[in-house]
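What follows draws every value from the coordinates through simple rules; no lab data is involved. Bear in mind that the values here come from a model prediction, so they are computed numbers and not experimental data. Because the Cβ atoms are built from the backbone with ideal geometry, glycine has one as well, and the counts that use them run over all protein chains shown.
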Amino acid sequence: MNSPKANSFPKSTMRERSMGPNPLKLCEELLGCAHIPAGSVVLDLGSGAGLTSALMAREYGLVVYAADLWSDPSENMRFFEGCGLTGKQVIPLKADATALPFAAGFFDAVVSVDSYNYFGRDPNYLGEHLLPLVRQGGELLFAIPGMVRDCHDDLPACLLASWTPEQLDFMHDMDWWRANFAQTEGVEVLDMHEMACTREAWSDWIGCDNEYAAGDRAAVEAGALDYLNTIAVRLRRR
């Protein structure tokens with residue numbers, strides 16, 4: 001795929017800071033589904049090591065709050081500064097997705113790449129913890145690791161080559177996610193579709209030199225991507 005904004009970052013940076021399928025390419029394709037004007041205040045929820053936050057701030061001109069429970073904000077800030085960004089362009093913080101320290105209506109948009117499935121499976125999460133932080137008319141964009149069709153009752157061997165049934169329970173198909181979002185009042189589903197860059201993003205990931213990428217390699221090489229996809233979700237707060 002043509003991913004000029006994602007490819008503006010050195011491959012070495014992607015490999016060193018990725019925590020799953022290439023988040024830069026997923027983020028660029030996801031943002032192509034909507035128009036978030038430059039200067040918008042955006043929550044990057046589950047920002048990890050900061051790649052998606054840097055992309056949005058540097059390449060799209062967004063003011064990004066990079067919220068993650070497991071990463072070190074100081075280390076991420078050093079990375080952002082190395083990308084030529086300031087603390088006025090991107091603000092890293094350690095935060096639990098169920099206890100986000102922001103005022104109601106603070107954000108113009110929320111973006112979450114490869115993380116929403118960890119906390120958003122609870123059907124109460126969106127309405128109780130996230131939607132109130134977005135202004136009316138603001139959008140929420142998620143790139144969610146998913147399944148082409150839920151197959152939890154008969155998991156194929158290729159998936160089990162790398163992951164346990166408990167780990168695979170974090171992944172579901174589009175029908176499952178539609179039913180999840182339908183339980184929240186005050187939100188409109190504008191679009192849901194399979195992302196085109198999934199295989200490329202996975203290929204970039206399993207080429208990384210770390211134990212987590214190596215652990216996923218067996219499943220991918222055995223054909224797991226015939227069953228897995230990435231689901232692009234675009235919601236709007238009414």
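Numerical summary
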{"quantity": "Rough spin-label spacing in nm, given labels placed 7 Å along Cα→Cβ, for Asp96 and Glu81", "calculated": "3.0"}
{"quantity": "Nearest-0.05 FRET efficiency for Asp209 and Arg149, computed from C-beta distance (R0 30 Å)", "calculated": "0.35"}
{"quantity": "For Gly146, distant residues with modelled amide H under 5 Å away", "calculated": "Asn229, Thr230, Ile231"}
{"quantity": "Estimated vicinal HN-Hα couplings, Hz - the stretch 2-8 in sequence order (Karplus 6.51, -1.76, 1.60; Gly, Pro = x)", "calculated": "8, 10, x, 6, 4, 6, 6"}
{"quantity": "Zone residues, the stretch 145-168, relative to Asp226, backbone N less than 11 Å from point 7 Å out along Cα-to-Cβ", "calculated": "156-159"}
{"quantity": "Size of electric dipole in the stretch 143-202: Cβ of Lys, Arg +1 and of Asp, Glu -1, about Cα centre, debye, nearest 20", "calculated": "180"}
{"quantity": "3J(HN,Hα) from dihedral phi, the stretch 172-184, Karplus parametrisation 6.51/-1.76/1.60, rounded to Hz, x for glycine, proline", "calculated": "9, 8, 5, 4, 4, 6, 4, 5, 4, 5, 5, 7, 9"}
{"quantity": "Under 25 Å from the Cα of Lys11 - lysines, other chains or at least 8 residues apart", "calculated": "Lys25"}
{"quantity": "Cut-off under 5 Å, modelled amide H: who pairs with Ser47 long-range", "calculated": "Ala67, Asp68"}
{"quantity": "Antiparallel content of DSSP bridges confined to the chain, in %, to 5", "calculated": "45"}
{"quantity": "Val187 long-range amide H proximity, modeled H, under 5 Å", "calculated": "Arg238"}
{"quantity": "Charge-dipole axis of the stretch 37-98 as Lys and Arg at +1 and Asp and Glu at -1 on Cβ define it, positive-most pick from Ala38, Met56, Asn76", "calculated": "Ala38"}
